[in-house]
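The values are calculated or read from the model by the stated rules, or taken from the named source; none is laboratory data. Because the structure is a prediction, the values reported are computed rather than measured. With ideal geometry, Cβ positions are generated from the backbone for all residues, glycine too; neighbour counts draw on all protein chains shown. These accessible areas exclude ligands, DNA and RNA; they are computed on the full protein's heavy atoms, side chains included. Shrake-Rupley method; radii C 1.70, N 1.55, O 1.52, S 1.80 Å.
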Amino acid sequence: MQVTKRSVKNDWTLFTLENDRGMSLDVLDFGGVVTRLTVPDRHGKSENIVLAFDDIDDYKKNKPYFGALIGPVAGRIQQAMFTLGEKKINLKPSEGRHELHGGEAGYHQKLWNVESFQTDTEVGVVLQGSWNDRAYNYPGSVQVTVTYTLTNDNEWIIAYQAITDEMTPLTLTNHTYFNLTGDRTHSIAGHQVQMKSEGYLELDEELIPTGLIDSGNGGPFDFSRERLIKSGSGSGHKQNQVAGDGYDHYFLLKKGSAEQVRVKEPTSGRVLSMETTQPGVVFYTGNGLNEDFVLSDGKKAKKHSGFCLEAQGPPASLHHKGLPSIWLKPGEEYKHQTVYRFSMD
Ligand code: FUC
């Protein structure tokens, strides 16, 4: 187990966490971005399985949100607006008329204070920030602590904590794109996904939830048994088409069950299992990726080069009843944990 750190361009610091079982995780203090995650395949070969930029300067925009911490509100806020009591609060739209992933000054664009730690069985970093996004009309000042831990059980654990001095919507996630083949230019089409879900939120043409929860039973949104990612592209299902040929949907997860999501890549044998305290996850299949994004090996990204499992609360709850709330009140503590566990099949 070890943690090392070094200075990189822009006076940023890059931390490298290593366990004793062939896994390592690189994290930038800027945006809390995970720039590299190596995981062994079934033959013991460790390779990077996340999408990252070749040029570190690209994180200053990070349009695809590679590896980044996302907040204060992950996902889309319909018409960049919500009501707080009698008050209508207008945020600054960042995608058409909506707000996406905390807007231009979201947490993926903040410089975090980072400290590392190490025990006999785990290594990690604690990222801290005290953010006041009033310029963007978010209420209050929020103190956020996010801990990334790498364990000797080949788990990457993300623990989120936050408090606020005014009532505000808050839901945090991490936007890492995984590609378990180990070759980030290889499509994720052949990955097999299983999910313990209660249904997903239907989207309109602007990727905003309509308020309808579809059970997904029997179709390309049914992950109760292993399903190939490619069965969702070219499926002819309206919802796969709306998402840009794949998945970009919030799935409500069955609470407290083991392996809420399991993704297997048959060629490498790598398996990623996810468990979260969050009520759901955005399963996104990189439908918006293209050759504008140059990856860490100098090769260009392509549509479906990676998938994200963005465990979070649903921002659609600000506009629709019956969904888990994302409000945080003064005196309350926001506390969530997501575990990504890697194994072999
Ligand atoms: C996901 C998606 C979005 C967007 C972004 C980069 O969170 O929900 O549609 O493309 O990532």
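Select from Thr176, Thr121, Thr149 the residue whose mean-square fluctuation is largest in a Gaussian network model of the chain (Cα-Cα springs shorter than 10 Å).
Thr121
Quick one: among Glu333, Glu104, Glu47, which has the greatest mean-square fluctuation in a GNM of the chain with alpha-carbon springs under 10 angstrom?
Maximum fluctuation in the GNM of the chain, among the listed residues, is at Glu333.
Top mean-square fluctuation among Gly71, Gly288, Gly32, Gaussian network model of the chain, C-alpha springs under 10 Å?
Ranking Gly71, Gly288, Gly32 by mean-square fluctuation puts Gly288 first.
Could you please report the charge total around Pro93, scoring K, R as +1 and D, E as -1 over all other residues with beta-carbon less than 14 angstrom from its beta-carbon?
Details: positive: Arg76, Lys92, Arg97; negative: Glu95, Glu99, Glu104, Glu206.
Every neighbour counted, the sum reads -1.
Which of the lysines could a cross-linker span from Lys88 if the Cα-Cα distance has to be under 24 Å and same-chain partners fewer than 8 positions apart are dropped?
Lys321, Lys329
Going by a ≥ b ≥ c, the root eigenvalues of the Cα gyration tensor, does region 132-283 fall in the rounded group (a/c under 1.5), the prolate group (a/b larger than b/c) or the oblate group? Provide the component values of the computation, followed by the final result.
Numbers: a/c = 1.90, a/b = 1.29, b/c = 1.47.
Taking the square roots of the gyration eigenvalues as a ≥ b ≥ c, region 132-283 is oblate.
Considering Cα pairs under 8 angstrom that are at least six residues apart, work out the relative contact order of region 2-344 and quote it in whole percent. Walk me through the intermediate numbers first.
Values: 916 pairs, mean separation 62.2, N = 343.
Reported as a whole number, the value is 18 percent.
How large is the accessible surface of Lys87 in square angstrom, using a 1.4 angstrom probe and rounding to the nearest 10?
130 Å²
Rounding to the nearest 20 debye, state how big the charge dipole of the chain is about its Cα centre with +1 on each Lys and Arg Cβ and -1 on each Asp and Glu Cβ. Numbers along the way, then the final one.
Working: 36 positive and 44 negative charges, 80 e Å.
Using Cβ point charges on Lys, Arg, Asp and Glu, the chain gives about 380 debye.
Residue farthest toward the positive end of the dipole of region 2-344, with Cβ of Lys/Arg at +1 and Asp/Glu at -1: which of Gln312, Gly67, Leu228?
Of the listed residues, the answer is Leu228.
Within region 2-344, what whole-number % of the accessible surface is contributed by carbon and sulfur, with the 1.4 Å probe and all protein chains included in the calculation?
Carbon and sulfur atoms account for 45 percent of the accessible area of region 2-344.
Can you show me the helix-derived [θ] at 222 nm for the chain, built from DSSP H runs with n ≥ 4 at -39,500 (n - 2.57) apiece and divided by the number of residues, rounded to the nearest 500. Intermediate results must be reported in sequence, preceding the final value.
On the way: 1 runs with 5 residues, N = 345.
One gets -500 deg cm²/dmol as the mean residue ellipticity at 222 nm.
Cross-link candidates for Lys303: which lysines have Cα within less than 21 Å, leaving aside residues fewer than 8 places away along the same chain?
Lys61, Lys63, Lys230, Lys238, Lys264
Which aspartates and glutamates, if any, have their Cα less than 13 Å from the Cα of Lys110, not counting same-chain residues under 8 positions apart?
Within the straight-line limit of under 13 Å, Lys110 reaches these aspartates and glutamates: Asp29, Asp133.
For region 84-207, what does the alpha-carbon gyration tensor say about shape, rounded, prolate or oblate, given a ≥ b ≥ c as the root eigenvalues, a/c under 1.5 as rounded, and a/b over b/c as prolate? Please report the intermediate quantities before stating the final value.
Values: a/c = 2.10, a/b = 1.21, b/c = 1.73.
Oblate shape, in that a/c is at least 1.5 and b/c is the bigger or equal ratio.
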